[in-house]
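K.L.:
Have a look at this one before I ask anything.
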Amino acid sequence: MAHKTFISYKYSEAQDLRDKIIEALGKDASYYQGETSDSPDLTDTSTDNIKRVLRDMMYDTSVTIVIISPNMIYSKWIDWEIEYSLKEINRANRHSKTNGIVGVVMKHLGGYDWLRPTKRNSDGCVSISTNDAYLYDIIKNNRFNQNPKVYSCNICQTVDSLTGSYISLVNEDDFLNNPQKYINNAFDKSENDASGYDITKQK
């Protein structure tokens with residue numbers, strides 16, 4: 001089942017990946033509600049007008065795709081877009097639910113170690129650490145927040161990369177290969193008011 005999506009990204013460095021994601025959605029791209037290369041330039045308009053346009057795009061969506069790029073945290077909008085996506089909004093007698101959110105990690109310098117270096121633990125499990133310096137607090141606070149926690153390995157106490165956090169991080173190549181898998185995962189976690197997670201909804 002296709003879900004209405006919005007992509008949150010830093011325009012100056014991630015518009016190419018935005019376009020790749022839309023292309024990878026295939027026929028499901030018809031459910032995409034966000035900006036495209038044909039969208040009007042809002043740079044010189046007021047903050048209130050930009051927020052109005054973004055709210056109109058996001059309100060009717062159920063999944064927000066956040067492109068995690070090296071300079072993302074210098075964007076003036078992405079953490080606000082994540083906050084809006086996580087809130088339940090009343091508008092014209094309609095009530096929106098909390099969006100599912102998936103972070104797509106941009107490939108940088110040929111790989112993903114800039115954000116997600118991997119290592120093999122002594123028990124044989126492969127674990128991924130995250131350099132939180134590149135992430136907004138609202139993303140960090142919604143990582144590893146499954147409640148109760150379900151460990152994929154009880155020895156090293158690692159959690160599943162897709163269910164252990166409300167905002168999962170997925171490498172660009174993996175996401176582009178099967179976007180529906182990760183969009184569906186984010187949507188599934190948002191169902192039932194995301195009751196399996198301790199969600200932080202403010203930036």
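K.L.:
Would you tell me the accessible area of SER96, worked out with a 1.4 angstrom probe on the heavy atoms of the protein chains, in Å² to the nearest 10?
P.N.:
The value for SER96 is about 20 Å².
K.L.:
What does DSSP give for segment 78-203 in terms of the percent of beta bridges that are antiparallel, rounded to the nearest 5?
P.N.:
65
K.L.:
If you count, for each residue, the other Cβ atoms within 10 Å and average over each peptide, how do 106-115, 170-179, 6-15 line up from highest to lowest?
P.N.:
Going from most to least packed, we get 6-15, 170-179, 106-115.
K.L.:
Continuing with this model, one more query. Let me check against my output: what whole-number percent is the relative contact order of the chain, with C-alpha pairs under 8 Å and at least 6 apart?
P.N.:
23
K.L.:
Hey, another quick one. What order, most packed first, do the peptides 64-75, 142-153 have when packing is the mean number of other Cβ atoms within 10 Å of each residue?
P.N.:
64-75, 142-153
K.L.:
Something else now. If you average the C-alpha positions of segment 64-93 and of segment 133-203 separately, how far apart do those two centres end up, in angstrom?
P.N.:
16
K.L.:
Compute the helix-to-body angle for 179-190: its Cα long axis versus the longest principal axis of the chain, expressed 0 to 90° and rounded to tens.
P.N.:
90
K.L.:
For Cα pairs less than 8 Å apart in space and 6+ apart in sequence, what is the mean separation divided by the residue count of segment 67-185, i.e. the relative contact order in percent?
P.N.:
It rounds to 26 percent for segment 67-185.
K.L.:
Express in Å², to the nearest 10, the accessible area of ASP16 obtained by rolling a 1.4 Å probe over the protein heavy atoms while all chains stay in place.
P.N.:
Using a 1.4 Å probe on the heavy atoms, I get roughly 110 Å².
K.L.:
Moving on to the next point. Would you mind counting up the charge near MET106? Only other residues with Cβ under 14 Å from its Cβ, with Lys and Arg at +1 and Asp and Glu at -1.
P.N.:
So the surrounding residues net to -2.
K.L.:
Checking the table LYS107/LYS201; LYS4/LYS119; LYS97/LYS119; LYS51/LYS119; LYS119/LYS181 against a 32 Å threshold on Cα-Cα, which pairs fail? Walk me through the numbers on the way to the answer.
P.N.:
Values: LYS107/LYS201 28 Å; LYS4/LYS119 36 Å; LYS97/LYS119 37 Å; LYS51/LYS119 41 Å; LYS119/LYS181 25 Å.
Result: LYS4/LYS119; LYS97/LYS119; LYS51/LYS119 exceed 32 Å.
K.L.:
While we're on this one: When ligands, DNA and RNA are left out and all protein chains stay put, how many square angstrom of accessible area per residue does the chain have with a 1.4 Å probe?
P.N.:
Values: 10720 Å² over 203 residues.
Using a 1.4 Å probe on heavy atoms only, each residue of the chain averages 53 Å².
K.L.:
Within the accessible area of segment 144-203, what % is carbon and sulfur when the probe is 1.4 Å and the other protein chains stay in place? Display every interim value, and only then the final one.
P.N.:
Values: 1370 of 3250 Å².
C and S fraction of accessible area: 42 percent.
K.L.:
If you take the charge dipole of segment 49-118 about its Cα centre, with +1 on Lys and Arg Cβ and -1 on Asp and Glu Cβ, which of PRO117, ILE101, TYR59 is farthest toward its positive end?
P.N.:
Toward the positive end, the furthest listed residue is TYR59.
K.L.:
Before rounding to the nearest 500, sum -39500 (n - 2.57) across all DSSP H runs of length at least 4 in the chain and divide by the residue total; then give [θ] at 222 nm in deg cm²/dmol.
P.N.:
-8000 deg cm²/dmol
The values are calculated or read from the model by the stated rules, or taken from the named source; none is laboratory data. Small disclaimer: the values here were computed from a predicted structure and weren't measured. Counting neighbours? That spans all protein chains shown, and the Cβs are built from the backbone with ideal geometry, glycine included. Heavy atoms of the whole protein, side chains included, go into the accessibility calculation; ligands, DNA and RNA do not. Shrake-Rupley method; radii C 1.70, N 1.55, O 1.52, S 1.80 Å.
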